[in-house]
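S.K.: Below is the structure I would like to discuss, written out as structure tokens.
Every number here is computed from the coordinates shown, using simple stated rules; none is lab data. Quick caveat: nothing in here was measured; it's all calculated off a predicted structure. Don't worry about glycine lacking a Cβ; one is built from the backbone with ideal geometry, like all the others, and counts go over all protein chains shown.
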Amino acid sequence: MGVSVFLFLCTSNLNIFMIAATDILVTKSGRSKLQDLNLDNLPFGRYFSDHMLEADYENGSWRNIEIKPYQPLLLSPSLAALHYGQAIFEGIKAYKDRQGNAFIFRPQDNFRRFNISAERMQMPTVPEELFMEGMRKLVEIDKNWIPSREDHSLYIRPFMFSSDELIGVRPSDNYKFMIILSPTGPYYAAPMRIYVEERYVRAAPGGVGYAKAAGNYGAAMLATAEAKKKGYDQVLWTDAVEHKYVQEIGTMNVFFIIGNKAITPDLEQETILEGVTRQSVITLLKEMGLSVEERQLSIDEITDAYKSGSLLEVFGTGTAATISLIKELRYKDFVMQFDVEKWKTAPTLKKWLTDIREGRREDKYGWMVKV
Ligand SMILES: *Cc1c(COP(=O)(O)O)cnc(C)c1O
């Protein structure tokens, strides 16, 4: 079955409007895999929906835009992405409200960030209509894959990789853009123990820390593995030069509640991934009446606040986990422990965000985009 959708492409920065016809060819799968699956409490990222979106960048434009049954790709061993790592991704979630309507949380922000990552990695940008309308249509087709249980959602994974079949270090001429969907239950649900990293580095000024580039995650795995050997769940990254200023927790942004202030590292150095959850949490914290500071925060300031009793809460934010409570933070031989049962702010934020996403609370910022 083929459905053609005609879309508007607008190159607003050039102030010219172009009409382009983008065809999304839809080929439906036969039997749905949902018949064999219970959507309750699925582990993160292990099961995928019936369909996927695929598009090719060739000769300077995006073509072959297709939604088709989820299936393996046939790739050449000389595929450029496998050798030189031009590969980026995004993570977004779709929810159902009590009436069964499907919504996607702030997809426009992920679209913008995807193209920021693309530019950093010398990859072509993806037109808004391909990213947004492709995602909307894919989620609509696989709407039954959005779990309705509380804290459950459909994780949306857009990604792009270079696809030249040529071994040579240079930006590819060809790329593939894809979107896949994975139903998921709560992630990192238990409070975490965090090790302050002083040897390995996630991001340095001038580097790619602000991009969701695949290589960042492979590069972080050794540090995480070593922290796990020591009995910790994740690392708190510190700056590359002095190992003094905190950056992020694993693949989450980090917030510290000190007295009546919420403090999170600022984006100035381009070493922090600008999380959509981070941005949402900043908005909600302000609405809760806390003052929010985006600035450099040193590990000494954190340990001093702990010693004086003013370090009240530490938590990570990200699409996969929403909000993760930190029950222990270890810096060298100094261990900071928290009684998360007594916390007010992080649990309130988590409930608030989940309630907005699942339609139990007013979406006054217009974060939920109807599918
Ligand atoms: C994706 C990601 C985050 C969180 O971003 P969200 O948009 O909130 O999901 C934070 N840090 C890193 C390194 C990430 O990759």
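S.K.: Can you list the equivalent-ellipsoid semi-axes of the stretch 233-287, largest first and in whole Å, using the square root of 5 times each Cα gyration tensor eigenvalue?
M.R.: 20, 13, 11
S.K.: Evaluate the Kirkwood expression for the hydrodynamic radius of the stretch 270-335, namely the inverse of the mean inverse distance over all pairs of different C-alpha atoms, and round to one decimal in Å. Walk me through the intermediate numbers first.
M.R.: Values: mean 1/r = 0.0732 Å⁻¹.
Taking every pair of different Cα atoms in the stretch 270-335, averaging 1/r and inverting gives 13.7 Å.
S.K.: Build a GNM of the chain with springs between Cα atoms under 10 Å: which of Phe334, Phe131, Phe114 gets the top mean-square fluctuation?
M.R.: Evaluated over the chain, the most mobile residue of the options is Phe334.
S.K.: Moving on. Less than 15 Å apart at the alpha-carbon level, and either on another chain or at least 8 residues along: which aspartates and glutamates does that give for Lys93?
M.R.: The reachable aspartates and glutamates, counting only those whose Cα sits under 15 Å from Lys93, are Asp109, Glu140, Asp142, Glu150, Asp151, Asp355, Glu358.
S.K.: Each residue of the stretch 215-220 in turn: what ³J(HN,Hα) in whole Hz from Karplus with 6.51, -1.76, 1.60 and θ = phi - 60°, glycine and Pro shown as x?
M.R.: With the stated coefficients, the stretch 215-220 comes to x, 4, 7, x, 5, 8 Hz.
S.K.: Using modelled amide H (1.01 Å from N, peptide plane; none on Pro or chain starts), what sits under 5 Å from the amide H of Ile24, excluding residues fewer than 5 places away?
M.R.: Answer set, sorted by chain and number: Val5.
S.K.: Over the stretch 2-184, what relative contact order in percent results from Cα pairs under 8 Å that are six or more residues apart? Walk me through the intermediate numbers first.
M.R.: Numbers: 365 pairs, mean separation 53.1, N = 183.
Relative contact order for the stretch 2-184 comes out at 29 percent.
S.K.: Which one of Ser291, Pro183, Ile104 has its Cα pushed farthest toward the positive end of the charge dipole of the chain, where Lys and Arg give +1 and Asp and Glu give -1 at the Cβ?
M.R.: Towards the positive end, the residue furthest out is Pro183.
S.K.: Same structure again: Lys229: which aspartates and glutamates have alpha carbons under 19 Å from its alpha carbon, excluding same-chain residues fewer than 8 sequence positions away?
M.R.: Qualifying aspartates and glutamates at Cα under 19 Å: Glu197, Glu198, Glu328, Asp333.
S.K.: Hey, what angle do you get for helix 276-287 against the long axis of the chain, alpha-carbon based, 0 to 90 degrees rounded to 10?
M.R.: 50
S.K.: I need the phi-derived Karplus couplings for the stretch 25-32: 6.51 cos²θ - 1.76 cosθ + 1.60, θ = phi - 60°, integer Hz, Gly and Pro marked x.
M.R.: Calculated HN-Hα couplings, in order: 7, 10, 10, 7, 6, x, 7, 6 Hz.
S.K.: Residue by residue, what Karplus-based ³J(HN,Hα) values in Hz, rounded to whole numbers, does the stretch 47-61 have, using 6.51, -1.76 and 1.60 with θ = phi - 60° and x for Gly and Pro?
M.R.: For the stretch 47-61, the Karplus curve yields 10, 10, 6, 6, 10, 9, 10, 9, 9, 10, 9, 9, 6, x, 8 Hz.
S.K.: Give the whole-number value, in cubic angstrom per residue, of the convex hull volume spanned by the C-alpha atoms of the chain.
M.R.: Per-residue hull volume (Cα only) is 160 Å³.
S.K.: Is there a quick way to get the dipole size of the stretch 194-268? I mean about its Cα centre, with the Cβ of Lys and Arg at +1 and of Asp and Glu at -1; what is the value in debye to the nearest 20? Please report the intermediate quantities before stating the final value.
M.R.: Numbers: 8 positive and 9 negative charges, 48 e Å.
Computed about the Cα centre, the dipole is about 240 debye.
S.K.: Once the Cβ-Cβ distance between Tyr70 and Arg98 is put in as r, and R0 is 30 Å, what FRET efficiency do you end up with, to the nearest 0.05?
M.R.: Working: r = 28 Å, r/R0 = 0.95.
Result of the calculation: an efficiency of 0.60.
S.K.: Related question: Can you give the charge dipole size of the chain about its Cα centre, rounded to the nearest 20 debye, using +1 on the beta carbon of Lys and Arg and -1 on the beta carbon of Asp and Glu?
M.R.: Numbers: 45 positive and 48 negative charges, 182 e Å.
For this selection, approximately 880 debye.
S.K.: Let me ask you something else. Evaluate E = 1/(1 + (r/R0)^6) for Ala225 and Glu198, where r is the Cβ-Cβ distance and R0 equals 22 Å; express this FRET efficiency to the nearest 0.05. Provide the component values of the computation, followed by the final result.
M.R.: Numbers: r = 16 Å, r/R0 = 0.73.
For R0 = 22 Å, the calculated efficiency reads 0.85.
S.K.: Can you give the calculated 222 nm mean residue ellipticity of the chain, where each DSSP H run of n ≥ 4 adds -39,500 (n - 2.57) and the sum is split over every residue, rounded to the nearest 500 deg cm²/dmol?
M.R.: On the way: 7 runs with 77 residues, N = 371.
Only helices count here, giving -6500 deg cm²/dmol.
S.K.: Roughly how many debye, to the nearest 20, is the charge dipole of the stretch 2-184 about its Cα centre, given +1 on each Lys and Arg Cβ, -1 on each Asp and Glu Cβ, and no other charges? Each step should come with its number before you reach the end.
M.R.: Numbers: 20 positive and 22 negative charges, 82 e Å.
I would put it at about 400 debye.
S.K.: A further question on this structure: Kindly rank 69-81, 253-265 from highest to lowest mean number of other beta carbons found within 10 Å of each residue.
M.R.: Values: 69-81: 12.7, 253-265: 20.9.
Put in order of decreasing packing, that is 253-265, 69-81.
S.K.: Using DSSP, restrict attention to beta bridges with both residues in the stretch 2-184 and report what percent are antiparallel, rounded to the nearest 5.
M.R.: In the stretch 2-184, DSSP labels about 95 percent of beta bridges as antiparallel.
S.K.: While we're looking at this one, here's another question. Which entries in Lys96/Lys351; Lys228/Lys350; Lys286/Lys344 show an alpha-carbon gap greater than 19 Å? Walk me through the numbers on the way to the answer.
M.R.: Details: Lys96/Lys351 16 Å; Lys228/Lys350 26 Å; Lys286/Lys344 15 Å.
Over 19 Å Cα-Cα: Lys228/Lys350.
S.K.: OK, next. Using amide H atoms built 1.01 Å from N in the peptide plane, name the residues 5+ places from Arg149, or on other chains, whose amide H lies under 5 Å from its own.
M.R.: none
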